[in-house]
Amino acid sequence: MLRLGANPLNMKEMDLDDIFTSRLQLLIIMAKAYLKGYPLGKYRAKAIIANAEHVELEAEELGRELRRMQDGAETAVEHYADHAFYQRIQLLARMAKAFARGNPGEPYRKEALKRNLDHICDQIAFYRQIGEIEFLKVA
Amino acid sequence: MRDFVATALAYSVNREIQLFSNGFDAVNSLESGQSADIILSDVYIPELNGFELLSAIKKKFPRKACILMSSIPSDEETARRLGADAFIGKPFSANALFQVVQKFVATDEEPPPPPPTS
């Protein structure tokens with residue numbers, strides 16, 4: 001029997017934060033696959049749009065929640081960095097919907113998508129490094 | 001979570017994913033001749049639980065790949081004993097679902113790339 005997912009010590013029911021994290025990871029994979037030229041296909045395109053819709057709505061809500069939590073408590077720079085992160089995720093979702101709908105992917109658009117992806121992945125790596133994964137747990 | 005699983009699988013295989021609201025409907029669908037490469041179910045679902053669904057499918061369609069998901073560690077052993085082909089501990093990422101597809105789904109589609117390392 002193939003064994004996947006969380007190990008027994010870390011098993012728990014998936015809450016909204018877990019699902020958002022998984023959906024964001026899936027969106028990153030979808031965008032990287034597009035940049036590498038993997039074929040889209042009807043159901044694959046539909047899945048990208050559905051996932052992007054979820055991530056965009058959730059990122060918008062998480063960004064709003066974060067602003068409420070941070071009001072007056074953080075420095076302007078930290079506030080801007082976190083806010084920008086959620087803005088970038090929303091942008092990624094819109095970019096994903098565009099390429100899934102077949103909008104032309106000229107080189108400069110692909111470059112913008114790649115830069116946005118790099119920023120998001122760097123930010124996730126940074127948060128993980130400093131142990132502040134709670135940035136995804138504000139819901 | 002069901003929607004996330006369906007989205008990740010549909011993306012991975014580029015095919016339609018059939019969703020059922022309970023285990024009876026899944027078994028009825030197979031009995032009516034609907035084809036399926038894999039059956040993936042939570043252990044805790046309405047009407048017929050995942051273990052009962054697994055047993056029913058393995059009894060009638062022993063060659064169908066059945067995968068169970070759960071957040072309860074002891075469910076893994078039960079799943080193994082009942083003949084599950086895979087067990088997914090919650091929480092899990094899209095990578096776990098991609099691995100299921102690579103292992104159990106015959107596909108002529110180009111698979112998605114490996115996950116980002118960052």
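The values are calculated or read from the model by the stated rules, or taken from the named source; none is laboratory data. These numbers come from a predicted model, not from an experiment. Every residue, glycine among them, receives a Cβ derived from its backbone with ideal geometry; neighbour counts consider all protein chains shown.
Is at least one residue of segment B:87-105 among the β-branched types (Val, Ile, Thr) and surrounded by fewer than 18 Cβ atoms within 10 Å (Cβ to Cβ)?
yes
State all residues of segment A:12-30 that are within 7 Å of chain B (Cβ to nearest Cβ) and in contact with a helix residue (DSSP H, G or I) (Cβ under 7 Å, 6 or more places away or on another chain); if no residue qualifies, say none.
A:Ile19, A:Ser22, A:Arg23, A:Gln25, A:Leu26, A:Ile28, A:Ile29, A:Met30
From the list B:Arg63, B:Arg81, pick out the single residue that is closer than 17 Å to B:Ser29 by Cβ and free of Cβ contacts under 8 Å to residues at least 12 places away in the same chain.
That would be B:Arg63, the only listed residue that is closer than 17 Å to B:Ser29 by Cβ and free of Cβ contacts under 8 Å to residues at least 12 places away in the same chain.
For segment A:68-84, check the following and say yes or no: at least one residue is modelled with pLDDT of 85 or more, of a type in the set (Phe, Trp, Tyr) and part of a helix (DSSP H, G or I).
For segment A:68-84, residues modelled with pLDDT of 85 or more, of a type in the set (Phe, Trp, Tyr) and part of a helix (DSSP H, G or I): absent.
Would you tally the residues in segment B:35-58 being closer than 16 Å to B:Val100 by Cα and β-branched (Val, Ile, Thr)?
Going through segment B:35-58 one residue at a time, the tally reaches 2.
Select, from A:Pro39, A:Pro8, the only residue that is modelled with pLDDT under 90, facing chain B (nearest Cβ under 7 Å) and surrounded by fewer than 17 Cβ atoms within 10 Å (Cβ to Cβ).
Result of the check over A:Pro39, A:Pro8: A:Pro39.
Inspect all residues belonging to segment B:32-45 and state whether any of them is crowded, with 21+ Cβ neighbours inside 10 Å, more than 11 Å from the chain's Cα centre (by Cα) and either at pLDDT 90 or above or not hydrophobic (A, V, I, L, M, F, W, C) (or both).
no
Quick check: is even one residue across segment B:12-29 within 21 Å of A:Arg3 (Cβ to Cβ) and either of a type in the set (S, T, N, Q) or at pLDDT 90 or above (or both)?
Scanning segment B:12-29, I find at least one residue that is within 21 Å of A:Arg3 (Cβ to Cβ) and either of a type in the set (S, T, N, Q) or at pLDDT 90 or above (or both), so the answer is yes.
Conditions: (1) in contact (Cβ under 8 Å) with a residue 60 or more places away in the chain; (2) of a type outside the set (Lys, Arg); (3) not in a helix (DSSP H, G or I). B:Val5 meets all but one. Number of the miss?
(3)
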